[in-house]
Amino acid sequence: MALHIALTGGIACGKSMAERCFAEAGCRVLDADQVVRELEAPGGAAVEAIVQHFGETVRARDGGIDRVALASIVFNDKSARQALESILYPMLKNVIAQWLSKEKPEDISLFSAALLFECDWAKDWPHVVCVVASEATQLRRMMQHRQMSESDARARLSAQMPIAEKASLADAIIYNDVDDINPLKEQIQQLVSQWRKNAQSFNH
């Protein structure tokens, strides 16, 4: 029987890097943000519904959604954010269902979502893995790689669910405090090996 895993983490904890390591370890990976990007791209299934609700100002020149313009509307407006979620989430769930329908019995299917707990999706996944890093590391990475000021980086962190809270709700934790990918790879390979071992003993 295929294993279903959800992956989450805080900003600048290295969730995308972890996704790549899971894929290298033989897992099927679906990234929620990538699905949303495709839904909002030119010709994407969500484009017309979003434009209809938020107006032509959110349509980009290429015919897709201007993600910056849309983010500026929904970032501080809870009802606008909920309206966007009500358009996107049913479409996202459809994509997940189609993706899961194509798995083989021996597969490990890993769904990655930064807002897994905030959106109440964790309940749909029997196993949850959280990538964590210290606050100092998160701040350093945001300032170095995203060119944020320290005050902007701290504001982004305080706007999110604390990483310690996410970690406490997860079944497994991956530590990613160093910028060397090898310790991350090792943890993920061990985790995947353990899952495969457990699946084999469960099936016999």
Over the chain: helical MRE at 222 nm, DSSP H runs n ≥ 4 each giving -39500 (n - 2.57), nearest 500
-16500 deg cm²/dmol
Under 13 Å from the Cβ of Ile11, count the other residues' Cβ atoms, weight Lys and Arg +1, Asp and Glu -1, and hand me the total.
+3
Please turn the phi angles of region 82-93 into ³J(HN,Hα) values with the Karplus equation 6.51 cos²θ - 1.76 cosθ + 1.60 (θ = phi - 60°), one per residue in order, whole Hz, x for glycine and proline.
5, 5, 5, 4, 5, 7, 7, 5, x, 5, 4, 4
Along the Cα→Cβ direction, 7 angstrom out, place labels at Lys104 and Ser86. What is the inter-label distance in nm?
4.3 nm
In the chain, what percentage of the DSSP-assigned beta bridges are antiparallel, given to the nearest 5?
5 percent
When semi-axes √(5λ) of the Cα gyration tensor in Å is calculated directly from the model, which label among [x] 30, 23, 14; [y] 25, 19, 18; [z] 32, 26, 15 fits?
[x]
If you filter region 125-204 for trypsin sites (Lys or Arg not before Pro), then keep DSSP loop positions with at most 15 other Cβ within 10 Å, what is left?
Arg146
Give me the lysines in straight-line cross-link reach of Lys185: C-alpha distance below 22 Å, same-chain residues under 8 apart excluded.
Lys15, Lys166, Lys197
Using the Cα gyration tensor of region 76-119, with a ≥ b ≥ c the square roots of its eigenvalues, what is the shape: rounded (a/c below 1.5), prolate (a/b larger than b/c) or oblate (neither)?
oblate
Cα centroid separation, region 73-93 to region 29-69 (Å):
12 Å
Per-residue accessible area, 1.4 Å probe, largest first, puts Asp171, Asp177, Asp107 in the order Asp171, Asp177, Asp107
For region 80-189, what D do you get in µm² per second when you plug the Kirkwood radius from alpha-carbon pairs into Stokes-Einstein at 20 °C and 1.002 mPa s?
131 µm²/s
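The values are calculated or read from the model by the stated rules, or taken from the named source; none is laboratory data. Computed from a predicted model, the values in this text were never measured in an experiment. Using ideal geometry, Cβ is built from the backbone for each residue, glycine included, and neighbour counts are taken over all protein chains shown. Quick note on the areas: whole protein, heavy atoms, side chains included, nothing else; ligands and nucleic acids left out. Shrake-Rupley method; radii C 1.70, N 1.55, O 1.52, S 1.80 Å.
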